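The values are calculated or read from the model by the stated rules, or taken from the named source; none is laboratory data. In this text the structure is predicted, and so the values were computed from the model without any measurement. Every residue, glycine among them, receives a Cβ derived from its backbone with ideal geometry; neighbour counts consider all protein chains shown.
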Amino acid sequence: MSVLAMLIALCLDFTLGDPSWNWHPVRILGRLISYIEPLCRTFPVHPKAQGFIFAALNIVIFIVPVLFVSLLFSHAGYLRDISDGIIIYFAIGGTCLAREVGGLSDALESGGIVMGREKLRMLVSRDVGSMDEAAVVSSAIETLSENFSDSAVAALFYAALGGPVLAWIHRISNTLDAMAGYKTEEYADFGYASAKLDDVLNFIPARLSALIVALSSYPGGVAETIRCALENGRKLSSPNSGYPIAAFAGALGVKLCGPVSYFGKVKDKPFIGDGPRPDVSCLKRAVVLYWNSYALAAAGAVLISEAVRI
C-alpha cells in the first residue's frame, strides 16, 4: 500500500465526503446483499449455515472486481496509486456523518428539540419522538463515536495494512452486519456469521479508536479518557462499540447511552461515563474532537502505509 494512494483516498474523503450516488459502490453492495439474501434463505441447510454462505458469497462476488482492478494496475506506477486511492476512498466513510452531526447541533439551536429529533431520525434507527435534548445529543455522539471506529479508524487501518482489497473486505463485513447482523428472531441465526465477522474485524480498531480519541484530548483529558474506556468499554452487548463511545464520554466529561427505544421496545442500555448528561455545547465539542481524532488517525494510517512498504 503506497503512501500516495492513502493520501489520495484521504484527500477525496476530506473534500468530497460520501457522495449520494445511486452507483456508489456501497449502494451497489447493498443491492447485491438484498438480492442474495432471499436466495440463500432457500438453501436446505440450517439458517446459520445459510448465513455463512450468504456472507461468503457477498464477499467473494464484490471483492473480485476490486482485486481485478488492483491487479490490472499493479505495474502501472502512478496509475496504480490513483486507482488504489480511489477504491480506498469509496471504502472510507469518515467525513459524511460528522458533517451531518454538525448540522444536527445547528438544527437544535435554530429549531429546537422538534427539528433536532427530525435531523436525528435520519441518522439512527431509534425511536426519537419522545427524546429530550440530552437524549438527542447523546444519541448523536454515540453514533458519531461508533462511526469513528467503524468507518474511519477500521477502514484506514485495513487499507494501510492490505490496500484496497483488505479495506473492502472490512467495508463489506460492516455493511453485512448493518443489514443482517440483528439479534431479532428473523436474523439471530441467519445474521450470526455477518455479525461475528464484523466483531472480529473491528476488535483491534475499536480499541485503537479509543486510544486515538484519548491522544486527541491531550493534554487535559488523556488519562480520564483511557480510564473511562477501560472501565466502560465492556458494558454494552457489542464487544466493540462500547470502547469508542466510552472514550468520547471520558474525553467530553459526560454520561452517554442509557435506556433507549427501538421500534417501540425499550432496551435497557447501561449508562457510560461519569459526568452530566450532554447538551448542545457538548455536541459541538464532540464534532471538534471527532475531526481532531480523524486527522490523527489519518496521519497514523499514512505512517503505517510507509512502514508496511519498508
Just the residues that are of a type in the set (G, A, S) and either part of a helix (DSSP H, G or I) or farther than 21 Å from E100 by Cα (or both), please, taken from the range 15-39. G30, S34
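The rows are residues; the columns are (1) part of a helix (DSSP H, G or I); (2) farther than 23 Å from V124 by Cβ; (3) not hydroxyl-bearing (S, T, Y).
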| position | (1), (2), (3) |
| --- | --- |
| H75 | no, yes, yes |
| S83 | yes, yes, no |
| F90 | yes, yes, yes |
| L97 | yes, no, yes |
| G103 | yes, no, yes |
In the range 179-204, what count of residues is obtained for those that are among the hydroxyl-bearing types (S, T, Y), modelled with pLDDT of 90 or more and in a loop (DSSP other than H, G, I, E, B)? 1
State all residues of the range 235-289 that are among the polar types (S, T, N, Q) and either surrounded by 15 or more Cβ atoms within 10 Å (Cβ to Cβ) or over 21 Å from the mean Cα position of the chain (by Cα) (or both); if no residue qualifies, say none. S238, N240, S241, S261, S281
Check the range 105-128 and report whether any residue there is surrounded by 24 or more Cβ atoms within 10 Å (Cβ to Cβ), in contact with a Lys or Arg (Cβ under 6 Å, 6 or more places away or on another chain) and touching a residue at least 40 places away in the same chain (Cβ under 8 Å). no
Flag if S149 is closer than 14 Å to E100 by Cβ, in contact (Cβ under 8 Å) with a residue 24 or more places away in the chain and in a helix (DSSP H, G or I): no
Of (1) out of contact with any Ser or Thr (no Cβ under 7 Å at 6 or more places or on another chain); (2) part of a helix (DSSP H, G or I), N292 satisfies all except one. Which? (1)
Condition test on F73, is it among the aromatic types (F, W, Y), buried (at least 16 other Cβ atoms within 10 Å of the Cβ) and over 23 Å from the mean Cα position of the chain (by Cα)? yes
Residue that is surrounded by fewer than 24 Cβ atoms within 10 Å (Cβ to Cβ), in a helix (DSSP H, G or I) and either of a type outside the set (S, T, Y) or in contact with a Gly (Cβ under 7 Å, 6 or more places away or on another chain) (or both), where the choices are L176, L215, L156: L215
S110: passes all of (1) among the hydroxyl-bearing types (S, T, Y); (2) assigned to a helix (DSSP H, G or I); (3) in contact with a helix residue (DSSP H, G or I) (Cβ under 9 Å, 6 or more places away or on another chain) but (3)
List every residue pair whose Cβ atoms sit under 8 Å apart, with the two residues 6 or more apart in sequence or on different chains, where the first one lies in the range 38-50 and is farther than 11 Å from G191 by Cβ and of a type in the set (D, E, K, R) and the second, anywhere, is loosely packed, with under 11 Cβ neighbours inside 10 Å and modelled with pLDDT under 95. none
Looking at (1) more than 30 Å from G112 (Cα to Cα); (2) at pLDDT below 90; (3) β-branched (V, I, T), which is the one condition that is false for V302? (2)
Can you give me the number of residues within the range 11-27 that are touching a residue at least 24 places away in the same chain (Cβ under 8 Å) and β-branched (V, I, T)? 1
